[in-house]
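Contents: one structure, followed by commentary.
The values are calculated or read from the model by the stated rules, or taken from the named source; none is laboratory data. All values reported here derive from a predicted model rather than from experimental measurement. When we count neighbours, we look across all protein chains shown, and the Cβ atoms used for this are built from the backbone with ideal geometry, even at glycine.
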């Protein structure tokens, strides 16, 4: 019998890309591949790329070059590049990397096993490795890929639940519509089925993702929208925490706010990328929202969702951003006091309207403005963390107990991977356990806490007291 094909998989990019990686890993395993974490032990290397920003593309290029060099050294026999960068650049990638054996775009994700599991040439060392590549480069299709039966890369206790794909917002700086296509939503029954599967697989926290989660349902005639979906997910047996990520401010309705406030398992946390606060810059970004509208929405969130944690993302150095406009943004960050904040230095993308604008801000100025925003946010977060000492928190353990008798956890206001953590002292419970804890200290962006008599907290927000590549986060 032939030896099974050994596949190493490199997963790059955001949470949406991670879901794609998890699905492709499962498809490879179902096709008979043996998955390995060692690229020098692999017959095939699959790289799921991000093409959103220049720095993400640079990271992808490094991984592709590394795999090709391994192929030239005889370590692997096939290099398959998939994902957003492929969808963005297509066969142009072959101009820089003619040694690539297959390209798979985001709309052809389910062809990954066909691309990777082809008969392999003998292992040879050669500085000239060149074959005719296999191309799986389909156009946009008007449906969302099914994400069930994934081989998850997250810890067992939390998962990302994609509710939609693509985006209709057409922000002038963003390449997502060109890469992922217009918005298309999973039907509610498909989302609920996936939620039940993830819960059965051990997930107690579901993080809802999409390029624009607040527009959920608009393209499929689902009138209740995101508010209705939240209420349906809230009733799924076994769900612990439901967390809303990537909300778009101009379509954040009162019904959504009410659902967040009323649903037992929807934690009081919202990730709502604002990008800027100055009206002229917002218009240039194509954001379709004003400073006045933004402030009114933020006030509603804080007023109507008790203890809400608000995370945002900003862009520093957008084209023609003046010193005065930046100072307005900086003052807004200091005055509002976001619970968490990430900053991207503006990345000029040549295929976007913003990338073609006159008045591009110099690289060094973008970096300086990013640093100034992060310094202002750091002061806010550090002060807020110290003020929380003595508060009771519901936390979800992230790791097993250490030899020193502590373990990592997150309270409801800390999303996985992007926010700080809560360090528990003197606990020894399994990862994915809900505990009631008292905050005892602060260490930078992280909190310290001790479990309250080791009692289990309910897996809902009823007793909870809550507090990018390349984004700097605080």
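Residues that are surrounded by fewer than 21 Cβ atoms within 10 Å (Cβ to Cβ) and in contact with a strand residue (DSSP E or B) (Cβ under 8 Å, 6 or more places away or on another chain) were ranked within the range 403-422; the one that is nearest to residue 343 (Cα to Cα) is 418. When 229, 242 are checked against the criterion of being modelled with pLDDT of 95 or more, crowded, with 16+ Cβ neighbours inside 10 Å and not in a strand (DSSP E or B), a single residue qualifies: 229. Annotation: residue 193 fulfils all but one of (1) under 20 Å from residue 273 (Cα atoms); (2) part of a helix (DSSP H, G or I); (3) out of contact with any helix residue (DSSP H, G or I) (no Cβ under 8 Å at 6 or more places or on another chain); the unmet one is (1).
Per this entry, residue 79 is counted among residues that are buried (at least 20 other Cβ atoms within 10 Å of the Cβ) and more than 27 Å from residue 208 (Cβ to Cβ). Inspection of the range 38-48 finds no residue satisfying the criterion of being within 14 Å of the chain's Cα centre (by Cα) and within 30 Å of residue 351 (Cα to Cα).
Please tell me if residue 313 is in the same structural domain as residue 295 (by TED's automatic domain parsing), touching a strand residue (DSSP E or B) at 6+ places or on another chain (Cβ under 8 Å), modelled with pLDDT of 95 or more and buried (at least 21 other Cβ atoms within 10 Å of the Cβ). Taking the combined requirement at face value, the residue does not satisfy it. Scanning the range 114-141 for residues that are modelled with pLDDT of 90 or more and closer than 22 Å to residue 65 by Cβ, we see that the one that is surrounded by the fewest Cβ atoms within 10 Å (Cβ to Cβ) is 137. Quick check, is residue 400 touching a strand residue (DSSP E or B) at 6+ places or on another chain (Cβ under 9 Å), loosely packed, with under 15 Cβ neighbours inside 10 Å and either at pLDDT 90 or above or not assigned by TED's automatic domain parsing to the domain that holds residue 269 (or both)? Considered against the rule, which asks whether it is touching a strand residue (DSSP E or B) at 6+ places or on another chain (Cβ under 9 Å), loosely packed, with under 15 Cβ neighbours inside 10 Å and either at pLDDT 90 or above or not assigned by TED's automatic domain parsing to the domain that holds residue 269 (or both), residue 400 comes out as yes. For the range 37-68, give me each residue that is farther than 21 Å from residue 99 by Cβ and out of contact with any helix residue (DSSP H, G or I) (no Cβ under 7 Å at 6 or more places or on another chain). Within the range 37-68, 37, 53, 54, 55, 56 qualify. Summed over the range 196-210, residues that are crowded, with 23+ Cβ neighbours inside 10 Å and part of a loop (DSSP other than H, G, I, E, B) total 2.
Picking from residues in the range 211-226 that are more than 20 Å from the chain's Cα centre (by Cα) and more than 14 Å from residue 191 (Cα to Cα), the one that is surrounded by the most Cβ atoms within 10 Å (Cβ to Cβ) is 218. Within the range 271-301, being more than 19 Å from residue 251 (Cβ to Cβ) and in a helix (DSSP H, G or I) holds for 280, 281, 284. Are any of the residues in the range 12-33 assigned to a strand (DSSP E or B), under 22 Å from residue 114 (Cα atoms) and not assigned by TED's automatic domain parsing to the domain that holds residue 175? Checked against the condition, which is being assigned to a strand (DSSP E or B), under 22 Å from residue 114 (Cα atoms) and not assigned by TED's automatic domain parsing to the domain that holds residue 175, the range 12-33 yields no hits at all.
To keep it simple, each residue is scored yes or no on (1) in contact with a helix residue (DSSP H, G or I) (Cβ under 7 Å, 6 or more places away or on another chain); (2) surrounded by fewer than 19 Cβ atoms within 10 Å (Cβ to Cβ); (3) in a helix (DSSP H, G or I).
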residue	(1), (2), (3)
70	yes, yes, yes
112	yes, no, yes
143	no, yes, no
148	yes, yes, no
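Only one of the numbered conditions (1) over 14 Å from residue 247 (Cα atoms); (2) touching a strand residue (DSSP E or B) at 6+ places or on another chain (Cβ under 9 Å); (3) part of a helix (DSSP H, G or I) is violated by residue 214, and that is (1). Quick check on my filter: what residues within the range 326-338 are touching a helix residue (DSSP H, G or I) at 6+ places or on another chain (Cβ under 7 Å) and either at pLDDT below 95 or surrounded by fewer than 18 Cβ atoms within 10 Å (Cβ to Cβ) (or both)? Within the range 326-338, 334, 337 qualify.
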